[in-house]
Each structure stands twice: as C-alpha cells, then as structure tokens.
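Asks: Next up is a structure, given as structure tokens.
Please treat every number below as a calculation from the coordinates, not as lab data. From a predicted model like this one, the values you see are computed outputs, not experimental measurements. Positions of Cβ are backbone-derived with ideal geometry, glycine not excepted, and every protein chain shown enters the neighbour counts.
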Amino acid sequence: MGIAELTQNAVDVLPKGELEKKLALGRPLRVKFGIDVTSTDVHIGRGIPLQRLRAFQDEGHKAVLIIGDYTTRIGDPSGRSAERPILSDAEIDRNAQLYLDQAKVILRDDPELLEVRYNGEWLSKLSYADVVRLGRIITVARMLERDDFHKRFTGGEPISVSELLYPLMQAYDSVAIESDVELGGTDQLYNLLAGREVQQAYGLEPQVVLTTPLLLSWDGEKMSSSVGNNVPLTAAPEEMFGRTMRIPDAQLEEWWRLVAQLPVPTGEPMDAKLALARLIVARSHGEDAAHAAEEHFTRVVRDGQAPEDVPDFPLPEGDLIHLPALLAGAFGLSTSEARRLIAQSGVKLDGAAVTELDVPRERLAGAVLQAGKRRFVRLNEAV
C-alpha cells in the first residue's frame, strides 16, 4: 500500500510533503483520531476517517483512538451555532463504551495496532497553571477568526470560555499521546492545526493533519446522530439496509466513493443502491445478515408485504375498536397522526386499506395491522 491508499478520499494533508517525511522515519507512526461521546452511536459518516485509520493500521502503524470522555464535558463548538448541551457522567460513560465497540467494526482490534485512550486520563490532572500555560499559545483574536465563532460573535450570540478552551484541550491530547498524524473531518481542520501549534509549544515535532469529507445524508445535510439522518454502524441489519436505500440517485457516486471506497457500479441506480446497502450491512453484520436484510426490504418495502416475523399486539376490550387509539398503542403514534394516516389510506388490515375510524372487533382479531410502509403488528385476543 502506498501513500495514495493512505490518503484516499483525503481533502487536506498538511503541511504538504510532511506525511512522506513521517513515513520515511522507518518506524510505526502514532496516528490519532478522537471522538467525543455525545450520542449512543457511531454512524457511517464518522466511519470515513476510521477507514483511513484502518488503512494506517494495515501498513503496521499504531492507531490511537481517543475517547473524549473529558472533552465531551466541554463541548466541541465546531460547526455549531449554539453551545452543545453537556451530558451527565453516566451518559458519557455509557456512550464511551458503545463508541469503542462500534469503532471496532472498522478498526483492527489488535493491541499491537490499536491503542485506546480516554482523555480524562490527562486532562483531569491539569492544574490551573497548566490551563493558563495552554491558553497562552493561541490568542482569542485567532479563535474568533473561525467561521463558527465569527458568525456567533458578530451575531451577538453567546460564546462561553469553555468553548474557547475546547480546541486547546483537543490539541493537548496530541501532546499527551505524542501523535505523528491526526485524522478528522473537514469541520475539524482548525482543531487539528491547533494541535500542531500546541505540540510545538511543548517541544514536540508537530503532527501531520489529514482531513476527510463530511458525508451528506439523504436529506442533503451532514449526517448527524442528533438529527437522526444517520446510518449507525451497529444498527439492526434491516434498519441499516432501509436507511441506506433512502439516499437519492444523485448521491450514489459520493456514497460509493466515501463509504465503499469504490467507484459506483455501472448499470441501473437501483442495483447500485442495493449493492451498497448489502456492503454496508455485511461490514457490520456479515454476508448472511446482508442478504436477509435485502429480502426483508424487498418483501416489506418494494412488494408491500408483511415481514415474515410480525410482533403480536393484544386487542383492547370492546366490540367496536377505535382505530386511532389502537394505532397509538401499537406504534406510538399520536391519535392525530393516526387519523391523518387513515385518511391517506396509509393504514391496512391484511393488506387492504381501511378508512373507518371504528372497526368491529371480529374484523381485527388475527389480522395484520400495517401503518405506513414498515410498521406491522398481528392483532390477537388478549390472553
């Protein structure tokens, strides 16, 4: 594998020519990637820099995965128009373990090639004097040049001191683990370059910065767990498959290039989309799960049939059942949402649309109730 493979899909490799010099040192490089544990999942968009980390592992370099348990408490301002809410300690600890488990879908779980560190290990030990020393390295004026800070500052939006400290704390991670290379999305470029300055200030050889593109989701926005337009790396196979199939044809080339790291196949867009969904599911769950997920998608979504395994739901009491209330109980809909779905012929009993709001009990008993394309229950008499 050459440098072209290590830098596949990279947007920035800075400074120019420095990665070649690092590789010429003749020793395994320490390649850093940090993730703050702000939610319960790592999605395939975050998997793109993880794929670069895996490429370095495959060449014998050490991947240093930083779990940002401490920086999560500060909140990364990158690309944000407001300060990020802070999670509880229990949520951070839970998310940290979940993130690690999911990152290993892509990374090689080999102690010779993977070092996992929690930045609370060193950041929690910094004294006030240490933080002041760190704060002298980069000026406030420099930080306010950042696009996200600049927009908030000129718009009169609040910026907390803790947010100004975030890039310095992330940069200090590079000092603590003595990174040679740091990876991240393009929205992290400022933070990664700050790592070089901080390393130099502490007498270390500065790291090389490598950024990768941000993956746009089916809604045209950056993929985000908080927004919900994401494909989690360890979601259920059927969910992963279905979410992947939501991308428009115009995004196929980008998803194949960034996620599959392959050119989009020639032929019909639907075939290329199905192949991509199989690949994404197979990477996380294996080939058998991928084929089962495709069968589920074909049966339920494309052919409009009920899935093979439909969960049971007990019928409420009464000879005449109010359908909106039944839908609310079975699928968690509001009764107003249920009424709209009924009016749009989006509710079916054994495949036939039902439009009345009150349905005789005998018609419901044993029937498959469907709401929309993918929600099904089999209605049974309560035992």
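Asks: Where in the chain are the DSSP H helices whose C-alpha atoms run 18 Å or more along the long axis and whose mean Kyte hydropathy is at least 0.0?
Replies: Span-like helices here: 161-177, 269-285.
Asks: With a 10 Å Cβ neighbour count serving as the proxy for reagent exposure, in which order, fewest first, do HIS285, HIS150 appear?
Replies: On the way: HIS285 19, HIS150 12.
Exposure proxy ranking, most exposed first: HIS150, HIS285.
Asks: Continuing with this model, one more query. What does the helix-only formula give at 222 nm for the chain: each DSSP H stretch with n ≥ 4 adding -39500 (n - 2.57), the total divided by the residues, and the result rounded to the nearest 500 deg cm²/dmol?
Replies: That calculation yields -11500 deg cm²/dmol at 222 nm.
Asks: List PHE313, PHE376, PHE241 from most exposed to least, where exposure is judged by having the fewest other Cβ atoms within 10 Å.
Replies: In order of increasing Cβ crowding within 10 Å: PHE313, PHE376, PHE241.
Asks: Please provide three numbers in whole Å: the alpha-carbon extents of the chain along the principal axes, with the largest listed first.
Replies: Extents along the principal axes, in whole Å: 79, 47, 38.
Asks: Once amide H atoms are placed 1.01 Å from N in the peptide plane, what residues at a sequence separation of 5 or more from ASP69, or on another chain, have their amide H within under 5 Å of its amide H?
Replies: Those lying under 5 Å, H to H, from ASP69 are ASN119, GLY120.
Asks: Kirkwood hydrodynamic radius for the stretch 191-341: how many Å is it when counted over pairs of different Cα atoms?
Replies: Over the stretch 191-341, the inverse of the mean reciprocal pair distance is 19.1 Å.
Asks: List TRP256, TRP218 from most exposed to least, where exposure is judged by having the fewest other Cβ atoms within 10 Å. Each step should come with its number before you reach the end.
Replies: Values: TRP256 19, TRP218 16.
Neighbour counts put them in this order, fewest first: TRP218, TRP256.
Asks: Taking the alpha-carbon set of the stretch 126-236, what are its Rg and Dmax in Å?
Replies: 16.3, 48
Asks: Net charge within 14 Å of ALA325 by Cβ-Cβ distance, Lys/Arg positive one each and Asp/Glu negative one each, not counting ALA325 itself?
Replies: Its environment carries a net charge of -2.
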